[in-house]
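Each remark here refers to the structure printed beneath this line.
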Amino acid sequence: MSFSHRCTIASLFLLLIAMPVVAQESSVDVTLAAAYFEEARTLSSQDRGRLWGRPLYGPMMFANPQTREVVANEADAEGNLKPHGGVFTGRLPEATGIANTAVRWAGVEWTMIMWPLPRDRQDRARLMVHELFHRIQDELGLPGLNPANLHLDSRDGRIWLQLEWRALERALWETGAARRQAIADALTFRRFRRSLFKTAALEENQLEVNEGLAEYTGAKLGTSSSREAVAVALCTLRQARYRPSFVRSFAYVSGPGYGSLLDEVDPRWRKKLSSESDLGALLARRLRLDVNRLSPAQVVVRARAYDGQTLIADETKKDDLRQAQLRQLRSRYLEQAVLILPLSSGVNYTYDPNNVVALDEVGTVYPKLRVSDGWGVIEVSNGALMIRENGAVKFLRVPVPANKDARPLEGDGWKLELKPGWQADPAERPGDLVLKNVPSGTPG
């Protein structure tokens, strides 16, 4: 059986066995959670801090997004969690988002992972290690930046990203001169894509340092050998084309691939990283590759070695469908009446990174989203537009509610639990509403 078939069958099998787990488990199994904490501790102990210069294991919690029940491996600093059979249990407040992430809560910096975890031990190990990295990355000088990368939803962004992935995949299974050529091709496609979009290099590097390194860490320490980690990277690259959006998820794909190649050519590469590092540039320098020598026309010709003509034709067709989708989204969020929710620096939001949609240069549409801020908590099931300014999230837009005085406030595909003192008032554009904090005693 070919690698392609093995990879596809394995991915589909894992998807099928994972789906019932989410539906059936309504509470966190304390005994199982304790066993998973021990697995994470063992993975960290086996590494002995060699990968990043410090142990990965630390405060962890498993949280059920349906019930908000939480099981942690240690107590919090405020006494919210209670001892229970060697672990600590409790519930998270509504304002705390539940996601696979690092979060500061009750005086402790936690690794938070949504319950249930994967049944497959290797998948579970990679997930836990990925999230353990997020807890320590600030200490490493590698902050978790999350730029928009909206260009990766465009036709050209998708084409040249996938060509980079195809060449990167070939580099991982080739050797000698063939590997060197494939690496050069991947870096050439990478450079060419970035030349088409003004902020591409900065934004892509930032997300690769964040999620790419976390995913690399999961593959590196969540497998039994370097060879197995490369197999994970290969499978990830092969399956990446099926992701509905690359905007947020691309770094999960490229990180293990570049990390595996860097491990082979420069074992000390991790010590050279900063928040501004470019994994591709590190690889090019180590191999002394000139990726600027080809003209745009020559780059297009080189793409033929990776079935570029078929990819370009396929993505052109997909872009026609995408443009129709964008017209609907522009109407929904930019032309029709909306409720505008201001977002503060303390906003907390959780979402699925695999299905976000870039809406021109305006912002990002999240099909499903949970946001908590000073005004309360909103649950979105049918899309919301998040707008950024200077890299920071500033506003959320959802269709205008039928009754601005109703509580909870509701609209098409969303429900908002408002805190006291907040109300929806007329906005600058006729028909729009905006959330405002009204001091006590002020007429509404």
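Some notes on this structure:
- Pro426 vs. criteria free of Cβ contacts under 8 Å to residues at least 60 places away in the same chain and not polar (S, T, N, Q): yes
- The condition of being among the acidic types (Asp, Glu) and closer than 19 Å to Tyr252 by Cβ holds for only one of Asp185, Asp138, Asp156, Asp123, that being Asp123.
- Residues satisfying the stated conditions in region 172-191, i.e. surrounded by fewer than 24 Cβ atoms within 10 Å (Cβ to Cβ) and in a helix (DSSP H, G or I): Leu172, Trp173, Gly176, Ala177, Ala178, Arg179, Arg180, Gln181, Ala182, Ala184, Arg191
For (1) in a helix (DSSP H, G or I); (2) among the aliphatic types (A, V, I, L, M), each residue gets a yes or a no:
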| site | (1), (2) |
| --- | --- |
| Pro267 | no, no |
| Leu282 | yes, yes |
| Val291 | no, yes |
| Val300 | yes, yes |
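- Identity of the residue in region 126-156, under 18 Å from the mean Cα position of the chain (by Cα) and of a type in the set (Gly, Ala, Ser), that ends up least open to solvent (accessible area, probe 1.4 Å): Ala148
- Cβ-Cβ contacts under 8 Å between residues 6 or more apart (or on different chains), taken from a first residue in region 282-302 that is open to solvent by less than 90 Å² (accessible area, probe 1.4 Å) to a second residue that is basic (Lys, Arg) and not in a loop (DSSP other than H, G, I, E, B), are listed as Leu282/Lys272; Leu287/Arg180; Leu289/Arg180; Val291/Arg190; Val291/Arg191; Leu294/Arg302.
- When region 38-84 is filtered for residues that are in a helix (DSSP H, G or I) and of a type in the set (Val, Ile, Thr), only Thr42 remains.
- Residue under evaluation Ser277, criteria (1) assigned to a helix (DSSP H, G or I); (2) at pLDDT 95 or above, criterion not met: (1)
- Residue match in region 309-321 (condition: exposed (fewer than 15 other Cβ atoms within 10 Å of the Cβ) and at positive phi): no
- All strands (runs of 3 or more DSSP E) inside region 381-444 with 1 or more residues being of a type outside the set (Asp, Glu), touching a strand residue (DSSP E or B) at 6+ places or on another chain (Cβ under 7 Å) and farther than 21 Å from Leu369 by Cα: 422-426, 433-437
- Answer from Val380, Val400, Val356, Val365 - the residue that is open to solvent by less than 20 Å² (accessible area, probe 1.4 Å), farther than 24 Å from Pro93 by Cα and modelled with pLDDT of 95 or more: Val365
- Total residues in region 323-343, condition in a loop (DSSP other than H, G, I, E, B) and open to solvent by 50 Å² or more (accessible area, probe 1.4 Å): 1
- Residue count for region 351-367, restricted to those that are assigned to a strand (DSSP E or B) and within 19 Å of Ile378 (Cβ to Cβ): 7
- Selected residue (only one of Glu215, Glu169 is part of a helix (DSSP H, G or I), farther than 28 Å from Val299 by Cα and open to solvent by 10 Å² or more (accessible area, probe 1.4 Å)): Glu215
- When residues of region 76-113 are limited to those that are out of contact with any strand residue (DSSP E or B) (no Cβ under 7 Å at 6 or more places or on another chain) and among the charged types (D, E, K, R), the one least open to solvent (accessible area, probe 1.4 Å): Glu78
- Against the conditions (1) modelled with pLDDT of 95 or more; (2) assigned to a loop (DSSP other than H, G, I, E, B), Leu262 satisfies every one except (2).
- Taken over region 230-259, the criterion of being out of contact with any Lys or Arg (no Cβ under 7 Å at 6 or more places or on another chain) and part of a loop (DSSP other than H, G, I, E, B) is satisfied by Arg243, Pro244, Ser245, Val247, Arg248.
- Subset of region 219-251 that is basic (Lys, Arg), open to solvent by 30 Å² or more (accessible area, probe 1.4 Å) and in contact with an Asp or Glu (Cβ under 9 Å, 6 or more places away or on another chain) - its residue that is farthest from Leu43 (Cα to Cα): Arg238
- Failed item in (1) open to solvent by less than 30 Å² (accessible area, probe 1.4 Å); (2) under 17 Å from the mean Cα position of the chain (by Cα), with Tyr258 passing the rest: (2)
The values are calculated or read from the model by the stated rules, or taken from the named source; none is laboratory data. Keep in mind that this is a model prediction, so the values were computed, not measured. Counting neighbours? That spans all protein chains shown, and the Cβs are built from the backbone with ideal geometry, glycine included. Please note that ligands, DNA and RNA were not included when accessible areas were found on the heavy atoms of the full protein model with its side chains. Shrake-Rupley method; radii C 1.70, N 1.55, O 1.52, S 1.80 Å.
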